[in-house]
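Here the structure is laid out as structure tokens; the discussion comes afterwards.
Values in this text are rule-based calculations from the coordinates and carry no lab data. What you see is a predicted model, and the numbers here were worked out from it, not measured in a lab. So basically every Cβ, Gly included, is an ideal-geometry build from the backbone, and we count neighbours across all protein chains shown.
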Amino acid sequence: MKYLLKLISVFLIFITVSCGGSSTTNNMSDSQTTTETALEPLQVSVNNTPSVGRSSEISLSFSDINYDVSWKLTGLPSGSSAVLDVSEDGLAVNMTPDVRGKYKIEVDVSGVGSETIELTAYEPLPFDESKIENYDGTQNISEMSGIFSNQSWVYSKSLNVQELSDLIDDYNLLSIVVSDDVLGLLVQYDETDTSALEQIEALKYEVGIDSVYQRTFTGSDVDIALDTLVNDFGDESFYDSAGSNWYLEEAAANILKAWDVETGSEDILIGVADVGFVPEHEDLRGKFIALLGMDGDRVYSDNDLSHGTAVSGTIAGIANNEKGTAGINWASNIVASSIYSDRYQSISDYHKYLNLLRYSTRGKSVNLVNNSWLPAGLTQIDSSPLGPILRITSVYRAIMESFDNVLHIWAAGNDSDDALVRNGALHINDFGDYSFLDNLIIVAAHLGDGRLAIYSNYGRSVDICAPAEYLAPANIVDGFSTYYTADRWPYSTNYSGAFNGTSAASPVVTGVASLIYSLNPDFTPAEVKEILIDSASEFCDERWDGNLVADINHAIPKLNAGAALALAQERINERIRIDHEITDRFEGTADITVSPINNNFHVSSIDYVSYGRQRGNDDWHVIDVGHLNHENDFTIRLNYNYPLYKVHVDAEVRNNDTNNTASVSKDYNFFVRYYNMAPKNNVALEALNGVRVQINKVGVPQIDDEAEAEDDQSFVGMFLEPGNYRLFGLKQGFVKAAMNINVPQYNPELPQEDLDIELKMTPEQFANTASVSGKITDEEGNPISDVSVRISGGDQTNGFFASAQTDSFGKYSISNISKLDPSNVKITDFEIMASKDGYELKLITDVILLSGKDKKVNIILNTAEEEETQTVYFSDDFETDKGWTATYYWHRQELAEETIANTFYDEGVEVALAPDEETDVPFLPAAYSGSYAYWFGEEATGSYENITTLFDYSNIDYSSTDYSSIDYSQTEAPYADPEAEFDYNYQYSFYGGRLTSPAIDLSSAESPVLSFKTWWEIESVNPNSFGYDIMAVEVSTNGTDFVNISKLNPYIDPNDDNRDAKPFTSGGYNRAPVWATETIDLTDYAGETVYVQFVFNTVDMSFNKFRGWMLDDFTVLESSKEARIASRVKPKIIRPKIKPRIR
């Protein structure tokens, strides 16, 4: 440890300290009197995170020891027999907690006073490094971050530990290993047991449970500080002659103007979670009221020591000392906690965050916390909603939801990327929805020219931007205080050498927010956040991208401290606040409450008018008018036509001290969406009437509202404000349905949300089926249409077996998903792939589906980055003939919308129309691109029936039901052995054909991949890969001898006994066909010349009146990692039962 401090002190990890007013103890002499003197300049430290069975040292430190000190244990949790062991010099005690809970230790300093230290001891977390995902036993565990594969936290804001325990008792495969009053219960399970994983998934549908997420791990040597490195990208200096304190000026954050209103208050405590603090720096002496985070055996680099120091100095450094710079808040004190993970692996970094939030002194708690660090560290992470970043940020999101009276300010990150890859993910809920927390602010960094810095993250999850690249305290070297100073270019420019990164921007926002709290400590975090954002008059809509300037799709409000303090004063002058609560979500009523902004006032009378208006319309329509005396709440009716509401209040407010009254006016706006919820049969997709619907808002421990549709009513209307909900459906003969939905906040910049919700209900006879649905958006939250979404059960389903395409709202749905493979073995987990040209392919793995439940999987697709031209070895969009060889009814077909129809369609006698078809007739689709595609089918019938074959059936009597006389030796399916080379001998086939590519030169290839678009509709009686209507892909190196490399058929036959006329398609069983993307790894053929062949074979003459198989946009190119991951699995021997073919 490189400590450069001159104090006799130990600044160590402190967990929970509650300091009350001083009082006398038995050790005080009669001449001593009780005093309220605070123990400044004393600092209280604890050398580790207190946990059961582990000794902790609590110590005092100060520079001039002239006092007698005594210690007393004044509070213990039930069942504890812990004692204090006082050190020889009396300045420290040791205690070993023996029970989880709070321990109170009173320390008395003669002549000064006493304080009570309140420590919370945690249960040690079981630590098995072999369960950390991606740990192979060879890495340095202290340098890793990740998740535990066999443990999850079950969190509830509304249920206590005992209530949670009672609920989990019903889950026999889950064991409770640790409990925590905030985090909830840590449960353990066998991660290889699919049933155990299903129980974890089922908890997410339980009323009262807010979230379930895997336990995270961050090693003690993982770099979590948000430092930036100098990036020499050219000779441009972006010179603007900005000075060292430029961020204080009007053109920057306008803090000089804010100081005309407020400079800070001692009543406000500012938390700083960071790494490395130098409390004796000349700009910080006396500013730390507690140091909670320096581990005695932690070796810090000089850079580590300077990071937290710079953050703290920016927020609350000493002003008017003619040294360095001035902190934004001159009077408030800092509670600092080092967030580095404890080397004691059974305690996690989020325990330390909890300690900071639990700190209190003299009745004051932390009002706000600055976070210029990364919970996940600087590891490479995936921004997908089910990726590692959300698993790591989920615990901090849960903590922020629990401590909703604290404002949490986080740096956006320094990746020059969408902030979702870092701390912006804190605004995303467990299901991948944008779900903005009112007490969370994500901060980007801008420069003196008003553009975002080259390193700053950006995107919709960023709330505000603030200056970086300025002078800030750094360290103490050889007894002298040092600073971050510009050495490359002037301040306020990219990589000036001054304090930079979003690490520097975040404390500027924290400092200004602390001034707003200083003006009125009764402001809620939501009100402070609103003031900071609403007061912005300028926006950052450009960013530096190397030497270039790039536009930002989501303009970010620019911090204006002067305007923010002025707006805060306006809010105070209004003297009242207005809130609302939806009291009946089905009938549509809302209670409006008018209350004083603080306890100095009360509301004596109210006149109100409520209004509503439609989206995109500026006209407000009066809903209700009223007057109240000595009442402060009233009810208004909601209207399904109006999502936007405004309440205007004229109130008489009386001062409780002077009895003077004042007339004040205030407008209050809120947003409510009206949804139509339509229950549907998950198998038949038919509307269901008479369903009883229940609503539970996440965070509420019981069902909020309940309504039952009439017997002739197939939908239920409901009013929902922004938030997360569970919907349940109950109907006799059906499994209880459950789904999770998110109602987003109103954003006029985004397209209108779809206001129709499908609640999929599974018939009891098909209880082993599930569904999955969700929404696909870009990084800004804009819906993406026409995305191909596919689901796979891996080897158990022969890869992808059902598909869907997103609609104009970005929504998709895949229903009637069997949970069992052909051998009636439960499918362990599923994969979901989303792809569209122009976006990065996304593969979501380890998706657990529950029988009778709709799994919500939202996906954020990143815009594909422009890369060097990818090597394409062969490409054909089929607009011209490039030399393909086609046999039988494979042919190049011109395809336009609704030009060729299936003439065999007979409303379900032999050919049925899938219930989700958009037309009344089964048309062929338009080509995926251009006008032409290859099709196995006949234009005259729109199907592959009645195609001439080489087999002579003229001698067979079809009038007889006795098929025993037929010689089936010639008609045996040629797929008996999937490991064979699949010799498609058409003298044994019924309807079949080959489509063969010209020669493709892969002599220079390393990892080639075949990609093509496909659309198909075949029979559903036995469409499995050992059944009928086989769709196979083969490869040859000589153009003659072909081997099978993939089959598009699933391993699973549908679980419907009445499926003769129903189709199986690229969209799934009895679902409309969709264009889907297939990718097949050809790495085994690198260096060769290959021919690719598509083989279609009906195998028999039954159920052949469907629309056939189509191909478009065939490409062989050098692969990306994602393309290889998404490739189909190699054939596997699974022999399903074949349904009798008698017709």
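Summing charges over neighbours of Ile606, with a neighbour being any other residue whose Cβ is under 12 Å away from its Cβ, gives -4 when K and R count +1 and D and E count -1. With a Förster radius of 25 Å applied to the C-beta separation of Asp193 and Glu133, the computed FRET efficiency comes to 0.90. Name the residues of segment 265-279 whose amide N is less than 19 Å from a point 7 angstrom out from the Cα of Asn405 along the C-beta direction? Taking a point 7 Å out along Cα→Cβ of Asn405, the residues of segment 265-279 whose backbone N falls under 19 Å are 266-272. Using the Cβ-Cβ distance between Ser110 and Asn320 with R0 set to 41 Å, the FRET efficiency from 1/(1 + (r/R0)^6) comes to roughly 0.75.
In the calculated pair-distance distribution of segment 129-218, the portion above 18 angstrom amounts to 44 percent of the Cα-Cα pairs. Amide H to amide H distances under 5 Å link Ser211 with Tyr155, where only residues 5 or more positions off or on other chains count and H is placed in the peptide plane.
Over segment 777-866, consider all pairs of different Cα atoms and compute the Kirkwood hydrodynamic radius from their mean reciprocal separation; express it in Å, one decimal. Write down the numbers at each step before the final one.
Values: mean 1/r = 0.0722 Å⁻¹.
Kirkwood hydrodynamic radius for segment 777-866: 13.9 Å.
How far, in nm, would the chain grow between Thr1083 and Asn669 when pulled straight, counting 0.36 nm per residue and subtracting the alpha carbon separation? Length gained between Thr1083 and Asn669: 143.1 nm. Measuring between their Cα centroids, segment 898-941 and segment 641-700 lie 46 Å from each other. Inter-label distance, Thr485 to Glu587: 7.1 nm, where each label sits 7 Å from its Cα along the C-beta direction. With θ taken as phi - 60° and the Karplus curve 6.51 cos²θ - 1.76 cosθ + 1.60 applied, the whole-hertz 3J(HN,Hα) list for segment 462-469 is 7, 8, 7, 10, 8, x, 9, 6 Hz, x standing for glycine and proline.
Just to verify a number: FRET efficiency for Asn600 and Tyr640, C-beta to C-beta distance, R0 = 45 Å, to 0.05? For Asn600 and Tyr640, the calculated efficiency is 0.65. With θ taken as phi - 60° and the Karplus curve 6.51 cos²θ - 1.76 cosθ + 1.60 applied, the whole-hertz 3J(HN,Hα) list for segment 540-549 is 8, 10, 9, 9, 7, 10, x, 7, 9, 10 Hz, x standing for glycine and proline.
Put simply, the amide H of Thr74, placed in the peptide plane, has neighbours under 5 Å in Lys104, Ile105, Glu106, leaving out anything fewer than 5 places away on its chain.
Amide H to amide H, with H built 1.01 Å from N, Gly799 comes under 5 Å of Gly793, Gly794, Val1129, counting only residues 5 or more places away or on other chains. For segment 129-218, the relative contact order is 38 percent, taking Cα pairs closer than 8 Å that sit 6 or more residues apart in sequence and dividing their mean separation by the residue count. Each residue of segment 193-207 was assigned a 3J(HN,Hα) from its phi angle through the Karplus expression (A = 6.51, B = -1.76, C = 1.60, θ = phi - 60°), giving 9, 4, 5, 5, 5, 5, 5, 4, 5, 5, 4, 5, 9, 7, 5 Hz with x at Gly and Pro.
The length gained by stretching the chain between Thr524 and Ser1003 to full extension, at 0.36 nm per residue less their Cα-Cα distance, is 165.8 nm.
Exposure proxy ranking for His580, His307, based on other Cβ atoms within 10 angstrom of each Cβ and starting from the fewest, stands as His580, His307. Give me the Debye-computed log₁₀ of I(q)/I(0) at q = 0.11, 0.18, 0.23 Å⁻¹ for segment 579-671, equal point scatterers on Cα only, no solvent, two decimals. After summing over all Cα pairs, the log10 values are -0.34, -0.80, -1.13. Remark: Leu924, Leu390 ranked as Leu390, Leu924, counting other beta-carbon atoms within 10 Å and listing the fewest first. Residues Cys465, Cys540 in ascending order of nearby Cβ atoms (within 10 Å, fewest first): Cys540, Cys465. Subtracting the Cα-Cα distance of Glu764 and Asn824 from their residue separation scaled by 0.36 nm leaves 19.9 nm.
Taking a Cβ cut-off of under 10 Å around Val395, the surrounding Lys, Arg, Asp and Glu residues balance to a net charge of +2, with basic ones at +1 and acidic ones at -1.
What's the local net charge at Phe878, with K and R +1, D and E -1, over the other residues with C-beta under 12 Å away? It would help to have the intermediate numbers written out before the result.
Values: positive: Lys882, Arg892, Lys1013; negative: Asp876, Asp877, Glu879, Asp881, Glu894, Asp1112, Asp1113.
Here the charged neighbours net out to -4.
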